[in-house]
Amino acid sequence: MDPVTFAEVVPGRLYFGAIKGGAPKSTENTYYFCTDNTLAYEPFFKDFGPLSMGQVYRFCVFLRKTMDDPNFAKRKIVYVCDPHPHKRANAAVNIGAFAVFYLEKSPDEAFEPLGRLRPAYHPFRDAGYGVCRTMPCSCCLVITLQPNVYQITVLDVLRGLFRGKREGWIDLETFDLQEYEVCLFKFCLGSTYLFHS
């Protein structure tokens, strides 16, 4: 694998990189896969991620099963994504989360091979419309919307996942995907109701 285009996550075994047009056809020696269309982020406004914990869980479990499958034991496994900045950032979180949860890497260790790829990852942004600022004037209070300046990097997300794991808040062995998605649906349905009522 080209070290400029691909990051070696597990030496000689697991790689990550961006390729236009999706995953190439797998070969006898290499298995390529892409999750751009199966694990997609649903934006609130101009945000693009990171993916939900349920999607990160799905990715990590799929990749662990693939790596443990005897049919793939002698094959290189290559996770690819589209080079679009939003797809790359979400895919980097996925592969970094796998390194944190299953390879027992620290966030910095997980990000190290990913961080060598160029261009740099696009930071995630807050889902809000902007920051509301108030400016008093002599007769009233003026409220203006300012550009959203809060950003979170791929490494920030990996640090959050690592802390969740360390504190016992996230355990992929006991994670209940169905319960998580029921709660997420209730939250989203409740939010929709509040905004539209």
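The values are calculated or read from the model by the stated rules, or taken from the named source; none is laboratory data. What you see is a predicted model, and the numbers here were worked out from it, not measured in a lab. Every residue, glycine among them, receives a Cβ derived from its backbone with ideal geometry; neighbour counts consider all protein chains shown. All accessible areas refer to the heavy atoms of the entire protein, side chains included, with ligands and DNA or RNA removed. Shrake-Rupley method; radii C 1.70, N 1.55, O 1.52, S 1.80 Å.
If you go through segment 45-58 and keep only what is outside any loop (DSSP other than H, G, I, E, B) and surrounded by fewer than 22 Cβ atoms within 10 Å (Cβ to Cβ), you end up with MET53, GLY54, GLN55, TYR57, ARG58. Tell me, which residue of segment 115-130 that is open to solvent by less than 50 Å² (accessible area, probe 1.4 Å) and either farther than 20 Å from PHE59 by Cβ or over 13 Å from the mean Cα position of the chain (by Cα) (or both) is modelled with the lowest pLDDT? Residue satisfying both the conditions and the ranking: GLY130.
The set of residues from segment 153-197 being assigned to a helix (DSSP H, G or I), open to solvent by 100 Å² or more (accessible area, probe 1.4 Å) and at pLDDT 90 or above comprises ARG159, ARG163, ARG166. When GLU112 is tested against the conditions (1) closer than 15 Å to PHE6 by Cβ; (2) within 14 Å of the chain's Cα centre (by Cα), the lone failure is (2).
Exactly one residue out of LYS74, LYS87 is within 12 Å of ALA18 (Cα to Cα), at pLDDT below 95 and open to solvent by 40 Å² or more (accessible area, probe 1.4 Å): that is LYS87.
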